[in-house]
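Since the structure comes first, as structure tokens, the remarks are kept for the end.
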Amino acid sequence: MSNESLASLLKEERRFAPPAALAAEANVTAEAYEQARADRLGFWATQARRLSWETEPTQVLDWSDPPFAKWFADGRLNVAYNCVDRHVENGHGDRVALHFEGEPGDTRSLTYADLQREVSKAAHALTELGVQAGDRVAIYLPMIPEAVVSMLACARIGAPHSVVFGGFSADALATRIHDADARVVITADGGYRRGKPSPLKPAVDEALTRPGTENVRSVLVVRRTGQEDLAWTEGRDVWWHDLVDRQPEQHTPQAFDAEHPLFILYTSGTTGKPKGILHTTGGYLTQTSYTHHAVFDLKPESDVFWCTADVGWVTGHSYIVYGPLSNGATEVLYEGTPDTPHQGRWWEIVQKYGVTILYTAPTAIRAAMKWGDDIPAKFDLSSLRVLGSVGEPINPEAWVWYRKHIGADATPVVDTWWQTETGSIMISPLPGVTEAKPGSAQVPLPGIAATVVDDEGNEVPDGAGGYLVLTEPWPSMLRTIWGDDQRYRDTYWSRFAGRYFAGDGAKKDEDGDIWLLGRVDDVMLVSGHNISTTEVESALVSHPKVAEAAVVGAKDPQTTQAICAFVILRGGQEQGADEAGLVEELRAHVAKQLGPIAKPKRILPVSELPKTRSGKIMRRLLRDVAENRALGDVTTLTDASVMDLIQAKLPAAPSED
Ligand code: 6R9
């Protein structure tokens, strides 16, 4: 961003009070903020008692060597015991942990007692393969119960896992195996996506031919799709059902130090080599458990929780595996895509399992908006009581749509800001406390310290914009970048001395509530003004004909950058008929919402946008298109053919003012 702080253009006046019944019974009340303010570390020490420790910690935070934090350092615990065994010991062995729904419609329910047996067997199997505490295990699986079981089995024996998205290529997998120096890979023959089996094992075979992957001794393969003619390397490859099924059903968990590594998860960032974000044991589990309890108001006896994320994303780690299971939740695990075999699949699943809490991403909400209101209307969604959003700023219009059409115009919507690096939710309303504002993540959770600063690192006043920073260490923070302490310091702790720089633009409104404005790299500079892509996108989405928008700044000789928008129209909107008229209407709409400076120079209606598997729009690629450049790295795209469709729309005559 240039010297001028990010201008804040969007005005949002709608307010939604928490439902009285929910507020009266809420897990967390306004008092939590007071307690945390009065004694932040004492507050986290109290939250650590949510867990069962073999050795209770006496220390809370050790920040004597910043930015390298230690939390609860003299405590010892086992994560899998906390997520599984203790619930069985407490009499909840018959409670369903996972309702698995395969994409083809096959189902499987695992109780906590089942999960204990499966995790124990898998832990024995990994030990038989020679995996010891500290060894890294790569997991490359579809969204099937074995993914959860594998992660917990690794945690049980103290072997850090590195989960790699099933959609990533052999190259991406090889780089991650190499960087973490993994010893074992857990995979499947394939998984189901969009109605067909999609192979996985061949990518592992290919990855393991690459230099740097020689230390992989074994590949453990789950049979999911039953594909024939699978290549098999004798002595290295072993079927899950051959090895795991014959193991003993009891396994004694061993406690590890609170700072023992739990997992590495790679984030690609915008450029360069992926960063292996390292998370450890006690602090991570404390904060994922607390935030899951507080932000979703989880009542483990009655709620059915569903986080739609892939386990290969941090959201799947923290809010499919560690948060919900540490809290003894019953949850849904769904393998496939939202529109297979029909566009009501998710709502059918909500109805079938009586889902009460749904946690998803803005991209999915906007897709549902595009498909039309009539689709969710066909299903009984009355079980839902809390809705959550994560991954990108949620446009106010999408927020309101989500509440109205999925939440019966009654459920709270919690917009949760956090990152792979933060491990758990950091900024979010609380459903029983906060008066919600559509489009704003609002306030740091109790025990979390965040603010917005200008270029010089000075806190901006209410009503102004700048950079989001975290001003105090937090329990589930990353501990370093795997194997690269210097890059950890440089990336997060050097821009503003003593504070964590998140890389996001943000503003504080007149009430001091925080609004996220997108990645700092995406901010546009137009005729000397910094304009956030998020705000222009939200203005476009507030037009009744637009479901989704992606905005980029393209080089421009007159204005430094010109605003270029790609829009997806809502269901039922004619495309092509009078495109020029529609484009003019949308440009005028943005000018009216935000002011003439934010009026896009070009608007291109498209049918799809390039996204990562976690649903984030890849603006970098759209910038390449808008500036007529060859496309950069597309390996983390869900569907590379999208870019061909978008490029085919060009060149379109840019409309001039
Ligand atoms: C959990 C996750 C992190 C980046 C983050 C920000 C964006 C996530 C958001 C949000 C606005 C929210 N982001 N949640 N922006 N409002 N509620 O997404 O982790 O994949 O590491 O991405 O996602 O830009 O910096 P990760």
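On the stretch given as region 34-66, residues that are of a type in the set (A, V, I, L, M) and open to solvent by 30 Å² or more (accessible area, probe 1.4 Å) total 4.
Here G105 meets each of (1) touching a Pro at 6+ places or on another chain (Cβ under 9 Å); (2) closer than 23 Å to G282 by Cα; (3) free of Cβ contacts under 8 Å to residues at least 12 places away in the same chain; (4) not aromatic (F, W, Y) with one exception, condition (2).
Looking only at residues in region 70-86 that are touching a strand residue (DSSP E or B) at 6+ places or on another chain (Cβ under 8 Å) and buried (at least 22 other Cβ atoms within 10 Å of the Cβ), which one is nearest to F305 (Cα to Cα)? That would be V84.
Candidates in region 401-415 are the residues that are assigned to a loop (DSSP other than H, G, I, E, B) and not small (G, A, S); of these, the one that is most open to solvent (accessible area, probe 1.4 Å) is D409. Being away from the ligand (no atom under 12 Å from the Cβ), open to solvent by less than 30 Å² (accessible area, probe 1.4 Å) and free of Cβ contacts under 8 Å to residues at least 40 places away in the same chain: is that true of M524 here? In short, yes. Any residue in region 269-294 that's more than 25 Å from A138 (Cβ to Cβ) and crowded, with 24+ Cβ neighbours inside 10 Å: show its pairings with residues that are modelled with pLDDT of 95 or more and of a type in the set (D, E, K, R) at Cβ separation under 6 Å, as long as the two are six or more apart or on different chains. The qualifying pairs are S289/R50. In the list Y322, Y353, Y290, which residue meets the criterion of being touching a Leu at 6+ places or on another chain (Cβ under 7 Å) and not hydrophobic (A, V, I, L, M, F, W, C)? Only one candidate qualifies: Y322.
Pull up region 583-623, narrow it to residues that are small (G, A, S) and within 16 Å of the ligand (Cβ to nearest atom), then point me to the one that is nearest to L569 (Cα to Cα).
Of all residues in region 583-623, those small (G, A, S) come to 588, 591, 595, 598, 607, 614-615.
Restricting the remaining residues to those that are within 16 Å of the ligand (Cβ to nearest atom) gives 614-615.
Working: S614: 21, G615: 18 Å.
Across region 583-623, the extreme among qualifying residues is G615.
When residues in region 512-521 are screened for being within 13 Å of the ligand (Cβ to nearest atom) and of a type in the set (G, A, S), 1 of them pass. A search for C-beta distances below 6 Å between a residue of region 617-631 that is in contact (Cβ under 8 Å) with a residue 60 or more places away in the chain and any residue that is open to solvent by 60 Å² or more (accessible area, probe 1.4 Å) and assigned to a strand (DSSP E or B), counting only pairs 6+ apart in sequence or on different chains, returns E627/K555. Against the list (1) within 15 Å of the ligand (Cβ to nearest atom); (2) farther than 17 Å from N27 by Cβ; (3) open to solvent by 10 Å² or more (accessible area, probe 1.4 Å), the condition S383 fails is (1).
Which of (1) crowded, with 23+ Cβ neighbours inside 10 Å; (2) within 14 Å of the ligand (Cβ to nearest atom) does T420 not meet, given it meets every other one? Checking T420 against (1) crowded, with 23+ Cβ neighbours inside 10 Å; (2) within 14 Å of the ligand (Cβ to nearest atom), the one that fails is (1). Evaluating Q561 against the criteria (1) touching a residue at least 60 places away in the same chain (Cβ under 8 Å); (2) under 29 Å from E627 (Cα atoms); (3) open to solvent by 10 Å² or more (accessible area, probe 1.4 Å) leaves one unmet condition, (1).
Considering every residue within region 480-494, establish whether at least one is buried (at least 18 other Cβ atoms within 10 Å of the Cβ), on the phi < 0 side of the Ramachandran plot, among the basic types (K, R) and more than 14 Å from the ligand (Cβ to nearest atom). No, that holds for no residue. Within region 454-483, being without any contact (Cβ under 8 Å) to a residue 40 or more places away in the chain and among the charged types (D, E, K, R) holds for E456, E459. Mind listing whichever residues of region 304-333 are open to solvent by less than 10 Å² (accessible area, probe 1.4 Å) and over 14 Å from the mean Cα position of the chain (by Cα)? Across region 304-333, the qualifying residues are F305, P324, L325, S326, G328, A329, E331, V332, L333. Considering only region 436-462, state which residues are open to solvent by 20 Å² or more (accessible area, probe 1.4 Å), more than 15 Å from the ligand (Cβ to nearest atom) and touching a strand residue (DSSP E or B) at 6+ places or on another chain (Cβ under 7 Å). Residues satisfying the conditions are A449, D454, E459, D462.
Given (1) in contact with an Asp or Glu (Cβ under 9 Å, 6 or more places away or on another chain); (2) without any contact (Cβ under 8 Å) to a residue 24 or more places away in the chain, identify the lone condition not met by G553. Every listed condition holds for G553 apart from (2).
The values are calculated or read from the model by the stated rules, or taken from the named source; none is laboratory data. Since the model is a prediction, treat every value here as computed from it, not as a measurement. Quick reminder, even Gly has a Cβ in these numbers, built from the backbone with ideal geometry, and neighbours come from all protein chains shown. Ligands, DNA and RNA are excluded from the accessible area calculation, which covers all protein heavy atoms including side chains. Shrake-Rupley method; radii C 1.70, N 1.55, O 1.52, S 1.80 Å.
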